[in-house]
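Reading through the structure tokens given below for one structure.
The values are calculated or read from the model by the stated rules, or taken from the named source; none is laboratory data. Everything quoted here is computed from the prediction, not taken from an experiment. Glycine gets a Cβ as well: all are built from the backbone with ideal geometry, and neighbour counts include every protein chain shown. In case anyone asks, the SASA skips ligands and DNA or RNA and just uses the protein heavy atoms, side chains included. Shrake-Rupley method; radii C 1.70, N 1.55, O 1.52, S 1.80 Å.
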Amino acid sequence: REELAAWSARVQKAAPDAKLEYFIDLKMDGFACALVYQDGVLQQAVTRGDGFVGEDVTANVRTLDSVPLRLRHSAKFAAFNRGRTELRGEIVMYKKDFEMLNKARAKAGQPLFANPRNTAAGTIRQLDPRLVAQRPLHFRAYDLLRDDPAEVPTHLFAYRAASALGFLNNKQTPVYRQLTAVEKFIKDWEDKRHQLPYNTDGLVIKVNDRALYVRLGVAGKAPRAAVAYKYPAEQSTTRVKDIFVSIGRTGAATPVAMLEPVVVAGSTVQMATLHNEGE
């Protein structure tokens, strides 16, 4: 909480005359992806990669029901069907779908997947789009970009536009003017987040005004106008039933523990890699 207050103070000091609004969004534990539309038609889907160059995953992403091949027409946002429109978001696997997938794999004698995020990331990188189409993945948008930034004045506007254009996104995206209201939202969602269909370990707070957001600039790799709030990691106790060695595509050997099923952060965990003691 102290870091949140210190961040707010820095923003207010940098923009003393601005009427600050705080936009809040729950941080999805998924696989980042950007979709590029030209004149309303999907042209390309790209992963984040190293921040400069990502992988082209267009063929795989086109198989997702939650990715429109053509933007929905909306009178209010008709301009976004002209020119270049980029949607950024997370590809997630819902917790219930992940558990059903692992049950099916166990029944078929196949190795179980470790967690929904890694499963989503590995699926999108598959070479065969038919396999991707068989797995329940969802693209949930969290940002919209245009060549003219003035067309998207606030982060809340970007969410409403994305929804009108046919995308799933979070509905728990309030805008507050007081930091005390932000803190209350954080407290309320510490337990309620487990009711969400996807995993989340925190939320992101941004200055809602995007022109001010850009004007405040970047410190290191992080924008000054945004901060991430992480909830304390949830812990549970279980028993290790067995350990086997998994050989990855590069030939790396990773020890993996088979666990008695235990619910952690809303997901049933049955496997854990053991290569990193801290995790």
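Couple of notes before you dig in:
- Within the range 250-273, restricting attention to residues that are assigned to a loop (DSSP other than H, G, I, E, B) and either of a type in the set (Ser, Thr, Tyr) or free of Cβ contacts under 8 Å to residues at least 24 places away in the same chain (or both), the residue that is surrounded by the most Cβ atoms within 10 Å (Cβ to Cβ) is Ala252.
- With respect to (1) hydrophobic (A, V, I, L, M, F, W, C); (2) part of a strand (DSSP E or B); (3) at pLDDT 90 or above, the lone exception for Ala211 is condition (2).
- Qualifying residues in the range 21-47 (those that are outside any strand (DSSP E or B) and at pLDDT below 95) - the one nearest to Leu69 (Cα to Cα): Gly30
- Inclusion of Val214 among residues that are β-branched (Val, Ile, Thr) and surrounded by 11 or more Cβ atoms within 10 Å (Cβ to Cβ) is warranted.
- The range 176-194, subset under 21 Å from the mean Cα position of the chain (by Cα) and without any contact (Cβ under 8 Å) to a residue 40 or more places away in the chain, residue most open to solvent (accessible area, probe 1.4 Å): Lys187
- Tally, over the range 44-101, of residues that are closer than 20 Å to Gly122 by Cα, in contact with an Asp or Glu (Cβ under 7 Å, 6 or more places away or on another chain) and open to solvent by 20 Å² or more (accessible area, probe 1.4 Å): 4
- When the range 1-20 is filtered for residues that are in contact (Cβ under 8 Å) with a residue 40 or more places away in the chain and assigned to a helix (DSSP H, G or I), the ones remaining, listed by number, are Glu3, Leu4, Ala5, Trp7, Ser8, Arg10, Val11, Ala14.
- Of the helices (runs of 4 or more DSSP H) contained entirely in the range 73-164, those carrying at least 3 residues that are over 17 Å from the mean Cα position of the chain (by Cα) and modelled with pLDDT of 90 or more fall at 95-107, 129-134, 155-164.
- For the criterion of being farther than 30 Å from Leu127 by Cα and touching a Leu at 6+ places or on another chain (Cβ under 7 Å), Val204 fails.
- Among residues of the range 214-225 that are in a loop (DSSP other than H, G, I, E, B) and modelled with pLDDT of 90 or more, those with a Cβ under 8 angstrom from a residue that is open to solvent by less than 40 Å² (accessible area, probe 1.4 Å) and of a type in the set (D, E, K, R), sequence gap 6+ or separate chain, pair up as Ala225/Lys206.
- Which numbered condition Gly30 misses (of (1) in contact with a strand residue (DSSP E or B) (Cβ under 9 Å, 6 or more places away or on another chain); (2) open to solvent by 20 Å² or more (accessible area, probe 1.4 Å)): (2)
- Considering residues of the range 1-26 that are charged (D, E, K, R) and open to solvent by 60 Å² or more (accessible area, probe 1.4 Å) only, the residue nearest to Phe185 (Cα to Cα): Arg1
- Filtered residues of the range 226-249 (kept if in contact with a helix residue (DSSP H, G or I) (Cβ under 7 Å, 6 or more places away or on another chain) and either surrounded by fewer than 14 Cβ atoms within 10 Å (Cβ to Cβ) or not in a loop (DSSP other than H, G, I, E, B) (or both)): Val227, Tyr229
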